[in-house]
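Structure record follows, encoded as structure tokens.
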Amino acid sequence: MAQLLAPALPDRARMRRSAPAAVSAVALIAMLCVCSSLQPGVLTVEGLTLVLSATVPLVIAAQAQMTLMAVGDIDLGIGNFVGLVTVVSATLLVSSPLVGVLVLLGLVAAYAVLGLLIHLREVPALIATLGASFVWLGLGLFLLPTPGGTTPGWLASFGAWQPAGFPAPLLPILVVALVVYLLSARSAAGVRMRGLGSNPVALRRAGLRPLTSRVIAYATAGALGVLSGLVLASQTGGGDVSSASSYTLMTVAAVILGGGSFSGGNAVPWGAAIGGVTLGLVSVVLSLLDVRSDMQSAVQGVIVLAVLAGRVVVGKVLR
Amino acid sequence: MHVDNLPAGGTAPPETDTGPAARPPVVTARGVTKAYGRTRALTGVDLEVRAGEVLGLVGHNGAGKSTLMRVLAGMEACDTGTVLVHGRKASADDFRSVRMAYQETSLCPDLTVAENMWVSSRHCLPRLRWRRAASDAVRRRLDEMFPGHGVSPRDRVEDLSLARRQMVEIARACLVDRLDLLILDEPTESLGPDAARSLYAYVRGLTETGTAVLLISHRIREVLSVADRVAVLRDGAVTAERPAAGLGEPDVLELMGAHVAVPDGTGTRTAAGGAAARETAAELRGATAPGLREVTLRVGKGEVVGLAGLAGQGQQEVLERLWRPVRRDTAVNVTRAYVPGDRQRSGVLPLWSVGDNLIVTALRGIARKGLRRPAEERAVVGDWVKRLAIRGGAEAGITELSGGNQQKVIVARAFASPAGLVLLDDPFRGVDVHTKTDLYRLIREEAAKGRSIVWYSSENAEMAHCDRVYVFRAGRIVAELTGEEISEERIIAVSFNEDGGND
Amino acid sequence: AGCGSGGSGSATADAASGTAGGGGDKPFIALSNGFIGNGWRQTMIAKFEAAAEQAKTDGLIGKYKVVNAPGENSATEQVAQIKSLLLQKPDALLIDPASPTALQPVIQQACTAGVKVVVFDSAIDAPCAHVLQNSFVDWATYAAKPLLEGIGGKGSVIVSRGVVGSQPEAEMLDTTKKILADYPGVKTVATVTGMCDGATAQKAVLGVLSSVPKVDGVIGCGDGYGVAQAFATAGKPVPAVDFETNGRALSYWRDNKIDNGSVAVMSDPGQSVAALWEALDLLGGKDVPKQMTFPIVLIEQKDRDAWASVLKPDEYAAWPWTQELFRQQVEAVKTGGKPVQPPIPSAAG
Amino acid sequence: MNIRVTRQWNGPWIWGFAAAALVWLVILAISGQGGGQTVSLALSLAPYLVIVGLGQMLVISAGPGNIDVSVGSVISLAGFVSVAAASATGSAAVGILAGIGVGVLVAAVSAVAILGLSVPPIIATLAAGLVASSITLSMANGFTAVPDPGLRSALNLRPAGVPLLALAIAVLTVLVVALLRRTVYGRSLIAVGQSRRAAERAGIPVARIIGSTYLLSGALAGLTGALLAAYIAPSADLGTRYLLDSVAVVVIGGTLISGGRAVPVGVWGAALFFILLDGLVNLVGWSTAAQNLLKGGLVLFVLFLAGGGDRTSGMASLFRRRSRTATATTTSTGDDTDG
Ligand SMILES: Nc1ncnc2c1ncn2[C@@H]1O[C@H](COP(=O)(O)OP(=O)(O)OP(=O)(O)O)[C@@H](O)[C@H]1O
Ligand SMILES: Nc1ncnc2c1ncn2[C@@H]1O[C@H](COP(=O)(O)OP(=O)(O)OP(=O)(O)O)[C@@H](O)[C@H]1O
Ligand SMILES: [Mg+2]
Ligand SMILES: [Mg+2]
């Protein structure tokens, strides 16, 4: 039926799929325009560096979330996990670098084990990661009950790195998105992960173990979470387990803004990057706009809804 | 059974049964049994597939065909018995040359065609640059099998039409470095006649190179025209194996154990002329939507209206329109109820008992001020369980029932409500003959009480139970048949009467 | 200047700041606040805005801007906001940090950009910033001593700790323990985590009340109102507690006649105003010590009614720092003299 | 597969009560006194968590993907609104109603976004919660009203050691059970939770059911806020802690997380467990770190021990929206469970 009526379907479908990210990108550009009209300095290298640097850890965490959403899961623990990583990097990584590195690797492994258990026990990822988030928080508080510590020098100097003529934060955003793109969209492992989110039965029939796919996805998410935590620590210069608690829902919003969905099967690394930067920029715009501080979160919520509404409209047009 | 794509006996296989019989067996099943919980899907199967032959496998729904195929393809282990590949007890590697195209396509909808190829055929693709290799291979294979297929390796499967997906699924199965046995599980269910023809041409080409092909289909004529031998599976065991030559459709049906209930429609059916005089229960006036073009139809009170034609020509869109009317072109004057055909996804509420499932639609009508009245509900449930002889009774969990009995519950759900218009969306897929006969009777009885029924069926023979039938093609109504005009042949003739079809 | 008039100007302050374009060479003061979710922080902001508005009228500053990080006490948000504040090139940046360490790099960045940075309400390891804070040792001392005297130096007490593990909490617990050691007649029957927050302390104390004998006092950190509620729920008489310094707690204390040695003690939300004066003095080239300790707010029973009559329920007692008082206090810090005791604001303003 | 699930979750509410009893025994062993009073005090704190948990339970029962992450902000906002309304009118009842009303309003924003804009619930309620917390902050600024003393003392009433509030909320719980079992709405909700498609085909007004479920959850969160503000005091972070806890008590309480089965009684067990656990941690003097580790560890332990296996295979289905395309009715993604 479909092929009788709409021979040009694939192109349209492709457009429909990239529409959400495009809408977010439009919102992003609009915000940058607003910023630069209010504060001409924004569009300079220093301005972009200042504005973008805070979004880098969020964008990386959003890639982690995206990886899990690609297999059809969701991670409600990523915020506390990133916080825990900052704590580790401000404590163990300084006092005994080797132990610190091992602990960070252990955290990645813990994510893999979490994915393993979720798969084997057939429990909803939503709840398992929620439970895990308490654990990450507890571990973080255990290591560093209140914010403090100092990050190792190399990490701090990475945070302070400012190449001439190029906004430094753009580099990690692009590099991570590229790596995640290569992994999730171009590699065989990515096919396995998206296949799991798409149709686990097909994987099983083809002799690919869904378990492996899920574990790969969780390990990747864990690694990205660690990276996000390290970048965050490099910016804050210390550890704070609750410093990223807002990331949990923000990353989900970023992936949705970038065109991802809860149904799995889709990897949108570039979309997640755009969504993350968009969300991160909201608070910058708000503070430039002199929005009353108590109204800022409302405006943030309304912007998220507006972008999603724009997406619905574009989706209708493209149908 | 669907419309047959091929004329019966038109191209009989050239070889006689002496040829393939002499060849060595590729896969042999001996005393294979398989149970899922209490369901005994296979009860002791002995079957041999020989190199270079096409073996047709037929059997009623739930006979165990798909299960047997999964066992033969090494997808699942059997409980007892053995499966031999080339006469040896098979290891995982041996099964690599046994490939299967699944009844419900086992592609990942979010992946591209090429990526799906990697999933199923990664062993014969290079480790690096596999994307390019997979694209080339699938394009070549599709060109061979379905000339003019219109599939690009970069398309996502979810964007493809059903027919193209089926093509990809079949091509996927053939994409392997060494193919000993190709299993096709109802491959032509959503293919057009041209595609089916080129598929079978390819299949014959394959057998010439020594590959065995196992073909499952409910389209008996098709099987007879392609296969060298036909095996009949009944209740989990092979009950007959015959050479295809000389076998006729009625013979096969008899072997399958179906007493073909020839509908005696004329008796129950209302006079055709009466239709116009009836009060209108619902109508579409020039409805146009994705999949629908300028459809105008009308349903009278107490009338059974059939929607016929090849699968996916707009019938379900009509049901959708009547279920969720759009004010500008649809008028529905009575309350509605819906019987979905896809009971797994749109029918059963899996955590509930039979009674709960049955009453959920009628609940609203029975309740007073939003509060349920359990006694009345129980009475209604008891009534229907008895009337349709639902095995297990009202208290049984719905998922413990066999498919046919589940379907009875879903049908009863709709008829237990006071709805004046009941929409049937191909509801009798996977239902056995006895149940079907009961349900046909129910439909006529309820129509006689003044309910209107709109009935889409992929099985044209069922249309004989209707007062009036609209035949669909590419989203349009191409014919309206009434009374004596309604017959399977007539419907098929009308459905195919333009050429072109779904590629 | 900023007292008595209350927080009436707060709602419009941000909008007003945007329009004050004529400042020219007069300084632009920005305040970044890491968290706005409790009454103390809100009072702190309200006091600052009132004082800054007044300073603008008086021509001391050109314009000012307050940015509160939304959401929970989130250092990341604050870092982002400080960065966007820096784009606007303020002359001085006042910071009430969400975290004592997380801001270090961005503060360094601000100093490099030539901005005077004053961090208040919390210590921070940023060598280039000036720090203005209250003494936690004082806080713990005032929280324990009068209370223990009030119960006659004997009986059993519960210790409600603050944010366990934090530097201030460690300091405070240390002091509390030392003081308790001076009272051998006092037995500590339980130690709970109240997080210096009435609601948390209420639940925490309620959780242990059934498992401990009669309690004479609860040594806490500004969580007495919640603790008192917990005792009320359990149907027990309210012991001596350390109240919050807000209107609600003081009225409760007054109205329920809890005259048993309870005190109200907390840090001073007026620090934001003091920080404003410090920033102005720094910009004016005056010599101000890098680290300064300002007096804490202690309300004993004798001052209670005076304070209670001027505070709204969610408003916290703040010292009304004026430029004069501030400079006196700076002198006191420099010379190591007795800290200045600002007057209790009167209802008339 | 279904059979297994049914059996495993047959007595799911036991877990919470068992864990609560265990913690209670430990407390008793440590302190050696006041066992009865411990329960009594836990019962005076648990109801608040139970109310918001019941709302969350209804939402989660509405099927995959449904969750209300705005409850925390709603509680805080409703706290202020109810205290303001109560002190303006002098009537505690008006205050409570105002709290409920504001909860419904915030939920209405979520419901419109979910149903009208097809925004995923987790995002829609997040956005609505952000809006609510903004209003909270602007109300908190210079807020002068004080909670109604009458209501406060009513909340503290404990005739014969049984908190009046606990009794009232027990009645509310019974009402929710009745709502689920005995009303058309309740049955429809459970049907929608099991299979949205099937429910829609069975003639259930799915959108209306889902919308009203969010409104109910908002109302219950609003009620929690109103009571909590009277019991403690209105503050901008009054509800923060309740978001994660509300989801956690629903899970530990045995409600099927993939929808279609709600266990209101289980929420009580889990809430008591959480309250007693807090008490134990404070009694022993453990830090919040240990508290969180224990909570998380137990959630994971219960989860992995009980296992899941929701009726559609794999996690992917938890959020899968079945209707991908208009042709979804005729396509299938290879679910080979039945012939
Ligand atoms: N994975 C499974 N779990 C439980 N029962 C199963 C499973 N697969 C098949 N069955 C049962 O085994 C029996 C045989 O099913 P099978 O799919 O092999 O039938 P079929 O002959 O292919 O039917 P159809 O013609 O409808 O495709 C049925 O009763 C079915 O319910
Ligand atoms: N999951 C299950 N758990 C327990 N019993 C089951 C289950 N599935 C099927 N059964 C039982 O096994 C029997 C056979 O079921 P099956 O689905 O194979 O029937 P069927 O041959 O397809 O019948 P129908 O033609 O009515 O669909 C049924 O009577 C049913 O009670
Ligand atoms: Mg089959
Ligand atoms: Mg069956």
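The values are calculated or read from the model by the stated rules, or taken from the named source; none is laboratory data. All values derive from a computational prediction rather than experimental measurement. FYI the Cβ positions are ideal-geometry reconstructions off the backbone, even for glycines, and counts take in every protein chain you see. Just so you know, the surface numbers come from the protein's heavy atoms only, side chains and all, with ligands and any DNA or RNA stripped out. Shrake-Rupley method; radii C 1.70, N 1.55, O 1.52, S 1.80 Å.
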> Mind checking whether some residue in the range D:267-287 is touching a residue at least 60 places away in the same chain (Cβ under 8 Å), open to solvent by 10 Å² or more (accessible area, probe 1.4 Å), away from chain C (no Cβ under 14 Å) and under 18 Å from the mean Cα position of the chain (by Cα)?
Replying inline: yes
> In the range B:28-52, which residue that is small (G, A, S) and within 24 Å of the chain's Cα centre (by Cα) is farthest from ligand 3 (Cβ to nearest atom)?
Replying inline: B:A35
> Just to be sure, is B:K65 within 16 Å of ligand 2 (Cβ to nearest atom) and at pLDDT 90 or above?
Replying inline: no
>> If B:L401 satisfies all but one of (1) of a type in the set (A, V, I, L, M); (2) over 22 Å from the mean Cα position of the chain (by Cα); (3) within 16 Å of ligand 4 (Cβ to nearest atom), what's the number of the condition it fails?
In response: (2)
> Take the residues of the range A:51-76 that are in contact with a helix residue (DSSP H, G or I) (Cβ under 6 Å, 6 or more places away or on another chain) and small (G, A, S): which is farthest from the other protein chains (Cβ to nearest Cβ)?
Replying inline: A:A64
>> Would you confirm, using the coordinates I've provided, whether C:T101 is at the interface with chain A (Cβ under 9 Å from one of its Cβ atoms), surrounded by 24 or more Cβ atoms within 10 Å (Cβ to Cβ), in a loop (DSSP other than H, G, I, E, B) and touching a helix residue (DSSP H, G or I) at 6+ places or on another chain (Cβ under 8 Å)?
In response: yes
>> Can you pull out every residue in the range A:111-143 that is out of contact with any helix residue (DSSP H, G or I) (no Cβ under 7 Å at 6 or more places or on another chain) and modelled with pLDDT of 95 or more?
In response: A:V113
> Identify, please: which residue in the range B:27-62 is more than 22 Å from B:S106 (Cα to Cα) and of a type in the set (S, T, N, Q) and is, among those, nearest to ligand 2 (Cβ to nearest atom)?
Replying inline: B:T39
> Got a sec? Which of C:Q88, C:Q81 is open to solvent by less than 10 Å² (accessible area, probe 1.4 Å) and either within 9 Å of another protein chain (Cβ to nearest Cβ) or modelled with pLDDT under 85 (or both)?
Replying inline: C:Q81
> So which residues in the range B:31-85 are outside any strand (DSSP E or B) and β-branched (V, I, T), if there are any at all?
Replying inline: B:T67, B:V71
> From the list C:A126, C:A110, which residue is more than 12 Å from C:N33 (Cα to Cα), within 13 Å of chain A (Cβ to nearest Cβ) and surrounded by fewer than 24 Cβ atoms within 10 Å (Cβ to Cβ)?
Replying inline: C:A126
> When you go through D:T136, D:T144 one by one, which is the residue that is more than 30 Å from B:L349 (Cα to Cα), touching a Pro at 6+ places or on another chain (Cβ under 8 Å) and hydroxyl-bearing (S, T, Y)?
Replying inline: D:T144
> Can you name every residue in the range D:100-150 that is more than 24 Å from the chain's Cα centre (by Cα), within 7 Å of another protein chain (Cβ to nearest Cβ) and without any contact (Cβ under 8 Å) to a residue 40 or more places away in the chain?
Replying inline: D:L117, D:S138, D:N141, D:G142, D:T144
> Is it true that some residue in the range A:247-264 is surrounded by 24 or more Cβ atoms within 10 Å (Cβ to Cβ), at the interface with another protein chain (Cβ under 9 Å from one of its Cβ atoms) and more than 16 Å from the chain's Cα centre (by Cα)?
Replying inline: no
> Considering B:L128, B:L142, B:L184, B:L179, which residue is crowded, with 22+ Cβ neighbours inside 10 Å, outside any helix (DSSP H, G or I) and either of a type in the set (A, V, I, L, M, F, W, C) or within 10 Å of another protein chain (Cβ to nearest Cβ) (or both)?
Replying inline: B:L184
> Can you tell which of B:E189, B:E222 is within 16 Å of ligand 1 (Cβ to nearest atom) and open to solvent by 30 Å² or more (accessible area, probe 1.4 Å)?
Replying inline: B:E189
>> Could you tell me how many of the residues in the range A:36-46 are modelled with pLDDT of 85 or more and closer than 14 Å to A:L288 by Cβ?
In response: 2
>> If I ask for residues that are more than 10 Å from every other protein chain (Cβ to nearest Cβ), crowded, with 18+ Cβ neighbours inside 10 Å and away from ligand 3 (no atom under 16 Å from the Cβ), which ones from the range B:56-89 would you list?
In response: B:C78, B:V83, B:V85
> C:W319 versus (1) touching a helix residue (DSSP H, G or I) at 6+ places or on another chain (Cβ under 7 Å); (2) not in a helix (DSSP H, G or I): which is the lone unmet condition?
Replying inline: (1)
> Does any residue in the range A:127-156 that is more than 17 Å from D:W286 (Cα to Cα) come within less than 6 Å, Cβ to Cβ, of a residue that is among the aliphatic types (A, V, I, L, M) and surrounded by fewer than 20 Cβ atoms within 10 Å (Cβ to Cβ) six or more places away or on a different chain, and which pairs are these?
Replying inline: A:P152/A:V94
> For A:G165, which of the numbered conditions (1) over 22 Å from the mean Cα position of the chain (by Cα); (2) on the phi < 0 side of the Ramachandran plot; (3) not in a helix (DSSP H, G or I) fails to hold?
Replying inline: (2)
> Which condition number does D:V69 fail, the rest of (1) modelled with pLDDT of 95 or more; (2) part of a loop (DSSP other than H, G, I, E, B) being met?
Replying inline: (1)
